[in-house]
Amino acid sequence: MTALPLIDLSRFRDPAEDRAEFLAGLRHAAHEVGFFYVVGHGVPERLTTGIFDAAREFFALPLDERLAIENIRSPQFRGYTRTGHEYTGGAPDWREQIDIGPERDPVAPGGPAWQRLIGPNQWPETLPGLRETTLEWQAEALRVSREVLRALAAALGQDEHYFDAWFDEEASTHVKILRYPGRPSAEQDQGVGAHKDYGYLALLQQDEVGGLQVQAADGSWLDATPIPGSFVFNIGEMLEIATQGYLTATRHRVVSPPAGVERFSVPFFLGPRLDAVVEPLRLPPELAVDAKGVSEDADNPLHATYGENALVGWLRSHPEVAQRWWGDVLAERG
């Protein structure tokens, strides 16, 4: 028994399985909780192990080698972030990380501000294997996430390829490779503050230490205890908009490990094209009656254009990068 539902994705394509039963279970997990484990995903163990090996190698590098790819050098917020330099809810998160997006050339100026998020990654010269392993893991995370999204479309009474048009070669995917050092004091336990994700889906590979917590409907916090071989999935705000609140993005946080213990995790965020405008889908009547509408949060208003949501998130969470590269946008927005 686990606090969150567990979904075996291999059942979605297995002709011997009861498809209706599988979709009902997935629909319940996504609608009632918004967080669930996924097993049967087909990602090889050599890769799930390899991404953590690469993470440990990178974070073991001397600080000056990590800072050679510090994100302050990137207008696209890519690269290494030191502990305490990303913010959630206005407070610093106690983790260090590498941010990786799609490998692309910058876009010529003149379009919407969010187009400036398109650009290259930064990779450490002293650790060439990191790029190869990360991009291979990223490709598998994309495959699994799109399969989960197709299953969700079917569970919502749509053609399973309903969402595919948003996720072509211009899709805005994003990987974080994270290390949480032990908390500096008993009172400082914010690994990551409580928040919602603004894409469609998020996939998380976590190690055995744990620390991810999911907020239940009554406001309490549930531990997403690590299950070997699984990914944790959660609903993002864009999917909440698309389903008119039938699926809702769930608040979650990470509690720092105890002093002397470190935690590694790798989340993958499935975002559509930056120019995608999210349109509500037509739910079957028996589901539409349970659609709650899109959440209203004065501190986090949602925009239909995905690129605008992404830009707001980056500017808020990385103020140093924002001040260096996005001063014109900050001034324009007051």
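Quick notes on this one:
- Among Arg82, Arg183, Arg282, the largest mean-square fluctuation in a Gaussian network model of the chain (Cα springs under 10 Å) belongs to Arg282.
- Only the Cβ atoms of Lys and Arg (+1) and of Asp and Glu (-1) were treated as charged; on that basis the dipole of segment 48-203 about its Cα centre amounts to roughly 380 debye.
- Between segment 102-177 and segment 250-283, the alpha-carbon center distance in angstrom: 13 Å
- Per residue convex hull volume, Cα atoms of the chain, in Å³: 142 Å³
- When the chain is treated as a GNM with alpha-carbon contacts under 10 Å, the residue of Gly34, Gly199, Gly111 showing the greatest mean-square fluctuation is Gly111.
Only the coordinates and a few stated rules stand behind these numbers; no lab work does. Just so you know, these numbers come straight off a predicted model, no measurement behind them. No Cβ is skipped: glycine too gets one built from the backbone with ideal geometry, and neighbour counts run over all protein chains shown.
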